[in-house]
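Heads up, the thing below is written out as C-alpha cells.
The values are calculated or read from the model by the stated rules, or taken from the named source; none is laboratory data. Worth saying up front: this structure is predicted, and the values here are computed from it rather than measured. Please note: Cβ atoms are built from the backbone with ideal geometry, for glycine as well, and neighbour counts cover all protein chains shown. Accessible surface areas use protein heavy atoms only, side chains included; no ligands, DNA or RNA. Shrake-Rupley method; radii C 1.70, N 1.55, O 1.52, S 1.80 Å.
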Amino acid sequence: MPARAYWQGQIKLALVSIPVEIYPATKSGPAISFRQIHEPTGKPIHYDKVVSGVGPVDRDEIFKGYEISKGNYVLLEQDEIESVKIESRKTLDLVQFVDADAIDVLYYEKPYFVLPADDLAEEAYAVLRDALRQTKKVGLGQLSVRGREQLVSLKPCGRGLVLEVLRYADEVTKAQGYFRALPGEEADPDMLDLAVSIIDKRTAPFKPEEFHDRYVDALHRLIDKKKKAKGKRIIEDVDDEPAGRKAGNVIDLMAALKKSAGTGRSAPTSKAGAKAKPAAQPKKAATAKRKSA
C-alpha cells in the first residue's frame, strides 16, 4: 500500500460519517520515454522560454493568459488563480444513488480504492458496502481535491469499495453525433449466427496479465539490439499487410465468417446439433427503413 493516501476524509451518508482513506487503483504502464539529443555531442537538448522578436525571457515575466479574441489575452497572476480554487473539504457527501448500470462507460475516468481509516470505521464501512451491493446502486457525490471539484461514484468491489472519478457532461462527446448516419437495418440472421458462434468459441475468463503492449516490448528489443550493435543502424522487420486487407479488396463476408467459424461452406450447426437454414443470398437492395439513431 502506498505510504500516502490520495485523499483522507469522511464519506457521509445522511447523518452517518465514515472515516476513509483513498488510494490510486491504477498505475502508469511500462511506457518508454525519449529525450531529444544533440547527435554530435550526445547531450540532451533544453528548451528556453522565448518571445518572438524579443528572445529569451525571465521566468518572473511569464503570466498565464486566457485568449478572449485573436491575439488579445486576459492576464492572470498565480495568486489570482489560487483565490478561486475550491477549498479542499474533508467530506464526501453521497447526495444521490443511481442504478449500477445507469452510468455510461464514457463517463468513467479513473478508479481508486476506498479503505476504512481505522478499526472503528469498519462496521459502518461494511454496512455501506453491503447496502450498495444489495440495492445494486451506485453512490454519487463531489470530491474536493487540490482546489478542484471532481464528480465521483462509489460502488462495492469484493470486500471493499471503489471510488471512480467521472467526467462532467461537457467533457463527453455524445455518441449520436457519430452513429446517427449508420444504417439501421438488422444484420443478416445467418451471418449473425456465424458471428455469435465465433464469439462463443473464443469466450474465456478475462486474464489481463496475458495481454502485453507489443509496441513497448518491440522497443525494448530494439534498444537491446542497438546497445549490442554499438551505434549501428537497425531497422526492425515489418510483416507485409495480410492478404485480403488491402484497400479496395472486396471480401465475401459470408465466406469469411464461415471460414472463421470453422464450418467451411456448410451451414452452421446449432447447440442442439441441428443444421441451420442455408445462408440467404445477399440482398440486392435494403428495403427496411432506417431506425432512428
Of 58-66, 214-222, ordering from highest average Cβ density within 10 Å down gives 214-222, 58-66
Too long for a 28 Å Cα-Cα cut-off, among K43/K70; K110/K226; K207/K232; K12/K137, are K43/K70; K110/K226; K207/K232
HN-Hα couplings for the range 253-259 via Karplus (6.51, -1.76, 1.60; θ = phi - 60°), in whole Hz with x for Gly/Pro, come out as 4, 4, 5, 5, 5, 5, 5
Sorted by chain and number, the residues with a modelled amide H under 5 Å from that of R167, at a separation of 5 or more or across chains, are Y108, E109
Answer in debye to the nearest 20: the dipole magnitude of the range 8-104 about its Cα centre, from +1 Lys/Arg and -1 Asp/Glu charges placed on Cβ, is 300
With label points set 7 Å from each Cα along the Cα-to-Cβ direction at Y108 and S83, the distance between them in nm comes to 4.2
Over the range 106-178, with neighbouring protein chains present, the accessible area per residue in Å² at probe 1.4 Å is 59
If R0 = 22 Å, then L76 and D48, at their Cβ-Cβ distance, give a FRET efficiency to the nearest 0.05 of 0.45
Looking only at aspartates and glutamates whose Cα falls under 13 Å of K230's and that sit 8 or more positions away or on another chain, we get none
Whole-Å distance linking the alpha carbon centroid of the range 110-162 with that of the range 57-107 is 24
Full extension between Y215 and A14 adds, at 0.36 nm per residue less the Cα distance, a length in nm of 67.4 nm
The long-range amide H neighbours of L161, using H built 1.01 Å from N in the peptide plane and a cut-off of under 5 Å, are V114
In nanometres, the difference between 0.36 nm per residue of separation and the alpha-carbon distance of R167 and R180 is 2.4 nm
Scalar couplings 3J(HN,Hα) for the range 219-225 by Karplus 6.51 cos²θ - 1.76 cosθ + 1.60 (θ = phi - 60°), nearest whole Hz, x for Gly and Pro, are 5, 4, 5, 5, 5, 4, 4
